[in-house]
Amino acid sequence: MRMFFTEQIRATRALVTFCEQHKYPSAERLQLLRECVSALAEEDIARAIAINMMLPAGGNGSFADWWPPAVAEGETEEYTWAVFEALVTRWKILMNLLR
């Protein structure tokens, strides 16, 4: 089975960067994402899966239950929401390949 560590690391780092730049409101969840990058880099599949499970992407109060503010020139809230949704979706799809 081919592992997708490179793609998973890239997707996780992109999500971390977006959340940092747009001031994601939960420092704890953001730290979990950073730990996920480390787990993937170390090929610690069990830890990466555990982190993935701690960050559900849907429902009230989930990781993705956030409307990111526009912070850069030319951004709109609609745009930032769409980018966040895309990043979360890509991350979840790639992370689910670990199971």
Original post:
How many residues does region 22-54 hold that are in a helix (DSSP H, G or I) and either of a type outside the set (S, T, N, Q) or surrounded by fewer than 13 Cβ atoms within 10 Å (Cβ to Cβ) (or both)?
Top reply: 23
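For (1) over 19 Å from GLU20 (Cβ atoms); (2) in contact with a helix residue (DSSP H, G or I) (Cβ under 9 Å, 6 or more places away or on another chain); (3) of a type outside the set (Gly, Ala, Ser), each residue gets a yes or a no:
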residue: LEU40; (1), (2), (3): no, yes, yes
residue: ILE45; (1), (2), (3): yes, yes, yes
residue: ALA50; (1), (2), (3): yes, yes, no
residue: MET53; (1), (2), (3): yes, no, yes
residue: ASN60; (1), (2), (3): yes, no, yes
residue: ALA64; (1), (2), (3): no, yes, no
residue: PRO68; (1), (2), (3): no, yes, yes
residue: ALA72; (1), (2), (3): no, yes, no
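Looking only at region 75-99, count every residue that is part of a helix (DSSP H, G or I) and in contact (Cβ under 8 Å) with a residue 24 or more places away in the chain and tell me the total.
Number satisfying all stated conditions: 12.
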**OP:** Assess whether TRP67 counts as being aromatic (Phe, Trp, Tyr), touching a residue at least 12 places away in the same chain (Cβ under 8 Å), out of contact with any Pro (no Cβ under 6 Å at 6 or more places or on another chain) and surrounded by fewer than 16 Cβ atoms within 10 Å (Cβ to Cβ).
**Re:** yes
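Scan region 1-20 for residues that are under 13 Å from the mean Cα position of the chain (by Cα) and in contact (Cβ under 8 Å) with a residue 12 or more places away in the chain and report the count. Don't jump to the end; show me each part of the working.
Of all residues in region 1-20, those under 13 Å from the mean Cα position of the chain (by Cα) come to 7-20.
Imposing the further condition that a residue be in contact (Cβ under 8 Å) with a residue 12 or more places away in the chain reduces the set to 7-9, 11-16, 18-19.
Within region 1-20, residues that are under 13 Å from the mean Cα position of the chain (by Cα) and in contact (Cβ under 8 Å) with a residue 12 or more places away in the chain number 11.
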**OP:** For region 55-74, indicate whether the set of residues that are of a type in the set (Asp, Glu) and outside any helix (DSSP H, G or I) is non-empty.
**Re:** yes
Subject >> Test for THR12: is it under 14 Å from MET95 (Cβ atoms), in a helix (DSSP H, G or I), at pLDDT below 95 and of a type outside the set (Gly, Ala, Ser) >> reply: no
Original post:
Out of (1) within 15 Å of the chain's Cα centre (by Cα); (2) touching a residue at least 24 places away in the same chain (Cβ under 8 Å), the odd one out for GLU43 is which?
Top reply: (1)
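The values are calculated or read from the model by the stated rules, or taken from the named source; none is laboratory data. Predicted model, so just to flag it, every value in this text is computed and none were measured. Don't worry about glycine lacking a Cβ; one is built from the backbone with ideal geometry, like all the others, and counts go over all protein chains shown.
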